[in-house]
Amino acid sequence: MAETIVPQEHEVAHHFDDLEQEFQSHRMGMWLFLASEIMMFGALLVGGFILMYRFPGAFAEGRAHLDWRLGTINTFFLLTSGYTMALAAMHGQRGNQSAVRRNLWLSLLFAAGFLVVKFFEYSAKFHHGTLPGKYFTAAGFSDPHAHVFFGFYFVATGLHVLHVLIGMGLMVWCLFVSRKVKFTRAYITPVEMSGLYWALIDLVWFILFPLLYLVG
Amino acid sequence: MSAHQENINYLKARKGFLNWIVTVDHKRIGLMYLASIIFFFIAGGTYAFLFRMELWSPLQGFMTSDTYNHLFTMHGVIMVFLVVVPGIPGALGNFLLPIQLGAKDLAFPKLNITSLYLYWGGATLALFSLTQGRADSGWTFYAPYSLSQNPAVLWMLTAAFILGFSSILTGLNFIVTIHKMRAPGMTWFRLPLFVWALYATGIMQVFATPVLAITLVLLLVENFLHIGIFDPALGGDPIMMQHFFWFYSHPAVYIIVVPAFGVVSELIATFSRKTIFGYKFIAFSSVAITIIGFLVWGHHMFVAGQSDVAVTIFSFLTFFTAVPSAIKVFNWTTTLYQGSIKLTTPMLYALQFLFNFTIGGLTGIILGILSVDIHLHDTYFVVSHFHYVAMGSTMIAFIGGIYYWWPKMTGKMFNETWGRIGAVLVFIGFNVTFFVQLIMGSQGSPRRYYHYLDQFQIYHQISTVGVVILALGLFTALFNLLISLRTGATAPQNPWGARTLEWTHAATPPVLYNFTETPIVTEGPYDYPVEKV
Amino acid sequence: MENMPGHTYDAKVLLRVYISLLVLAGGMILISRVPLEAIGLEWIDLHVLKGLVILGISLVMGSIVAGFLMGLRYETSRLNSLVFLANFAFLALFITFTWADVNFRGLLDPSFTKQLNWESPVIKANENPAAEHHGE
Ligand SMILES: [Cu+2]
């Protein structure tokens, strides 16, 4: 039974000398992984900027069809869940297992809120036919390349949503870990790593949000 | 685990097929990479062998033109994504990196086996694509041809995407290991040059491969959703696709060749019994190549319709790549000078590398010249240049490295005579195959053509004969190794008298956690005793 | 606390970070809603200025997250910061050179651009320009 498991202190893996070496290795590994993620999103954004440069009209027109208020709500959700993830790490360091879990649940809740808003945004686009490429059926656009904006919109936000889902998966994993492993000042690695990953999702959104919803 | 088990060699520590598949031991993972890569090298080589036979005559031989397109695509995809890119890091790097650092394992053993699974997954998808039609886009997947919704191409794109992640995770693991897992006393300038090379490779794997990943994703999305980023019919820009592709694939050329630099540095130092000349220059030139490698991707697009401004910048920057490469070649040559050179099998491969890489590098500079490239672009000259680097340099160094570390990996000595015969055959075969292609290309013979002009027939025939010799040499080399597993003499701990940790401190074959106690490093990797003249 | 890995999270700092991020995000949105036509300055392109200001704010937000939430500020070695900065260096190169291509095509041979067909056959524009226009 889950209740009977008493969280144990973490043991250093056999190939590391001490906690410090293990923790710093994990942090560096995570940063390198994030670096590759940033290159991936970054290259996509380079593509987006070049498209915007080539089709400014299409981008201005497409942007006017996105609802900045929904984008604002989602920005709030992401910022708050990032804050609660950091709080989870802080409580982990203080050894407060239940506060860690509470903050992980809160982060999950705000992340889910983000997805709900996204769902409404996407369904509105399906309704209006503002879809990528040859599926673009919306009337009333004057720029012949308006479909390019929505193509980029769906690819960029789609990839971002995929990362939100992975990030939520990591939070759920942390919840499982919190039953088995006792977090201490010396060991919060799962929460710390998930927090780093979640912060990346914030970072990407800081660029996507103004690029798609605001500038122009 | 008992102390007794920790002290027996890794091949015997845990028995059973399943224990190999789920192992997190970097040495076993390295061996599994090695076996997989040899398998795909034979597969990719078979494709090349078949279409080389077809090219014996300028008209249709025994296959249709569609089959021909399919075969050279498969050859390219398999050789690039399944053989040369994962090759040296996956097989030799995995096996040796922790031992050369004096560590028990890589920083992330589970991630390491994950990259092998991803490799196998990608390989399976690549093979699966064979059942879905004929991939015929070439390994470069250029738009708009790759947007024709050929299911085999789509599966191939997915396979390459997965293989990319395998490569990223390997690079990440290596970088962290080199930073965090060095034994006491193993300072940065006591690292073997193979480790420096893997470090530079890791940087490129982590920073360039994600761009390939997003390119392939965009190609898939473009195929299904038609978003209009690459497809000219929708307002997209096919040259953008080439920018994306080559932003990865030029660094990929260095992902391919830089590990070979590392292997060759080890071989030359060991078999000259001399401190390597210009250690720091070789080490830093690997890192310099990494940086410069990110600045020159546009030289693949000189005649694609790129702007004249970009073309000029890229041509100018391309010349800089020659500097670090030349530094290395000069340093290796100087190391040979007055060394007590032993012409063992691995050394024969190292010397071949020097010869082939010089040709491969210099032809690259020729191709970087704008006006000359307009003539040579998409000719056999390019094919030959690329093969001098990828096959003549990387694979040759790889085979040399396998021979060099074979005793350490398996505990068996190979037959030196047959090893040398194989090496000589490979050298002759390779150069016969590809040197004529330089001549043929400079006369304007285009690559990837199924029907070619009669005047090029003699070159094609010489090249085909060369391939037969090459295949003979490669199989000699392979069988020599395999036979040694049964009949080879037991290898001593340090048969070559080398100075790096895997020879001086680790048993042959190494124990489960590499060392019975963590080595303390007190000298550099090439501190050979100075002999009195 | 000498031998403890990583830095100690501080509740006050986290709260301050959270609030400043909210304020910056709010500022970004407010600036984007400023009606530029009402200001009507002739001597500067306000659209470009607005874009740059918004981009600047998002960069500040990004560095706050990287520095405090992701802990780059507390690290004893600069390595991870270097990795982070290297990303932007590589991406800057990528966009600069690609732009050098896209922007200057046909500079020497103007007839070249005419050979390129950027027209989109999919979208039949202007079929119904008066139809619904949301969000304006
Ligand atoms: Cu190149």
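The values are calculated or read from the model by the stated rules, or taken from the named source; none is laboratory data. None of these values were measured; they are calculated from a predicted model. All Cβ positions, glycine included, derive from the backbone under ideal geometry; neighbour counts span all protein chains shown. Surface accessibility is based on the protein's heavy atoms, side chains included, excluding ligands, DNA and RNA. Shrake-Rupley method; radii C 1.70, N 1.55, O 1.52, S 1.80 Å.
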**Study point:** Other protein chain Cβ atoms within 10 Å, averaged over every residue that makes up B:164-171
**Key:** 2
Check your understanding: According to the square roots a ≥ b ≥ c of the eigenvalues of the Cα gyration tensor, what is the shape class of the protein assembly as shown, taking rounded for a/c under 1.5, prolate for a/b larger than b/c otherwise, and oblate for the remainder?
Key -> oblate
Exercise for review: Return the long-range amide H neighbours of B:Asn514 (sequence gap of 5 or more, or a different chain), with a cut-off of under 5 Å between placed amide H atoms.
Suggested key: none
**Study point:** Label-point separation, B:Thr46 to B:Lys110 (7 Å along Cα→Cβ), nm
**Key:** 3.7
Study note, to complete from the structure: Taking A:12-23, B:278-289, A:74-85, B:89-100 and ranking on average Cβ neighbours within 10 Å, highest first, one gets B:89-100, A:74-85, B:278-289, A:12-23
Check your understanding: Once phi is turned into ³J(HN,Hα) by the Karplus curve 6.51 cos²θ - 1.76 cosθ + 1.60 with θ = phi - 60°, what whole-Hz value does each residue of region B:220-236 show in order, with x for glycine and proline?
Key -> 5, 4, 4, 5, 9, 9, 6, 6, x, 9, 10, 7, x, 5, 10, x, x
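Report the extension gain between B:Leu453 and B:Phe281 in nm, rounded to one decimal, defined as 0.36 nm multiplied by the number of residues separating them, less their alpha carbon distance.
Details: separation 172, 0.36 × 172 = 61.92 nm, distance 4.67 nm.
Gain in length upon complete extension: 57.2 nm.
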Revision key, fill the gap. Quick tally, 1.4 Å probe accessible area for B:Met409, B:Met79, sorted with the most first, runs B:Met79, B:Met409
Revision key, fill the gap. Once phi for every residue in region A:176-181 is put through the Karplus expression 6.51 cos²θ - 1.76 cosθ + 1.60 (θ = phi - 60°), the whole-Hz ³J(HN,Hα) values, with Gly and Pro written as x, are 5, 4, 5, 7, 9, 10
Check your understanding: Sequence-distant or interchain residues sharing an amide H contact under 5 Å with B:Thr379, placed H: which?
Key -> B:Arg447
Study note, to complete from the structure: For B:Phe230, other-chain or 5+-apart residues with amide H closer than 5 Å (H placed, Pro excluded) are B:Asp237
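Classify region C:11-107 as rounded, prolate or oblate from the Cα gyration tensor: take a ≥ b ≥ c as the square roots of its eigenvalues, call it rounded if a/c is under 1.5, otherwise prolate when a/b beats b/c and oblate if not.
Details: a/c = 4.30, a/b = 1.20, b/c = 3.58.
It comes out oblate by the Cα gyration axes.
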Point to revise | Spacing of the two label points (7 Å from each Cα toward its C-beta) at B:Lys15 and B:Thr522, in nm | key: 4.1
Review point. How do B:514-521, B:188-195, B:169-176 rank on mean C-beta neighbours within 10 Å, highest first?
Key: B:169-176, B:188-195, B:514-521
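What is region A:1-112 by shape, rounded, prolate or oblate, if you read a ≥ b ≥ c off the alpha carbon gyration tensor as root eigenvalues and call it rounded for a/c under 1.5, prolate for a/b larger than b/c, and oblate otherwise?
Working: a/c = 4.00, a/b = 1.75, b/c = 2.28.
Oblate, since a/c reaches 1.5 and b/c is not below a/b.
Ignoring ligands, DNA and RNA, how much accessible area is buried between chains C and A, both sides summed, with a 1.4 Å probe, to the nearest 100 Å²?
On the way: alone 12060 and 11630 Å², together 18180 Å².
When C and A are taken together, about 5500 Å² of accessible area is lost.
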Check your understanding: Can you give the net charge of the other residues whose Cβ lies under 14 Å from the Cβ of A:Trp198, counting K and R as +1 and D and E as -1?
Key -> -3
Revision key, fill the gap. The orientation-averaged projected area of the Cα convex hull of region A:117-162, in nm², is 3.2
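Calculate the dipole size of region C:11-107 relative to its Cα centre from +1 charges on Lys and Arg beta carbons and -1 charges on Asp and Glu beta carbons; express the result in debye to the nearest 20. Don't skip to the end; give the middle numbers.
Values: 7 positive and 5 negative charges, 90 e Å.
The calculated dipole for region C:11-107 is roughly 440 debye.
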Revision key, fill the gap. In order over region B:87-92: 3J(HN,Hα) from phi, Karplus 6.51/-1.76/1.60, θ = phi - 60°, whole Hz, x for each Gly or Pro, gives x, 5, x, x, 8, 6
Practice item. Provide a whole-number value for the mean count of partner chain Cβ atoms within 10 Å of the Cβ atoms in peptide A:75-87. Key: 5
Practice item. Mind grabbing the accessible area of B:Ser371 for me, 1.4 Å probe, Å², rounded to tens? Key: 80
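What average count of beta carbons from other chains do you get within 10 Å of the Cβ of residues in A:204-215? All intermediate terms of the calculation are to be shown ahead of the outcome.
Values: counts 1, 3, 13, 5, 1, 7, 11, 4, 0, 2, 11, 11.
Neighbouring Cβ atoms belonging to other protein chains average 6 per residue here.
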Review point. Hey, rough spin-label estimate for B:Val468 and A:Glu9, points 7 angstrom out along Cα→Cβ, what's it come to in nanometres?
Key: 7.2
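For chain B, what is the accessible area per residue in Å² when the probe is 1.4 Å? Kindly include the intermediate steps, with their values, before the conclusion.
On the way: 18210 Å² over 533 residues.
I get 34 Å² per residue for this part.
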Point to revise | Which of B:Met391, C:Trp43, A:Thr157, positive extreme of dipole for the protein assembly as shown (C-beta unit charges) | key: B:Met391
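Please find the FRET efficiency linking C:Ile31 to A:Phe120, where r is the Cβ-Cβ separation and R0 is fixed at 22 Å, and quote it to the nearest 0.05. Before the final figure, lay out the partial values.
Working: r = 26 Å, r/R0 = 1.16.
Calculated value: 0.30.
Give me the summed buried accessible area for the A-B pair, 1.4 Å probe, to the nearest 100 Å².
Details: alone 11630 and 20540 Å², together 29250 Å².
Buried: approximately 2900 Å² between B and A.
When the accessible area of region C:11-107 is computed with all protein chains present and a 1.4 Å probe, what percentage of it is carbon and sulfur? Could the numbers behind the result be given before it?
Values: 3810 of 5230 Å².
Carbon and sulfur atoms account for 73 percent of the accessible area of region C:11-107.
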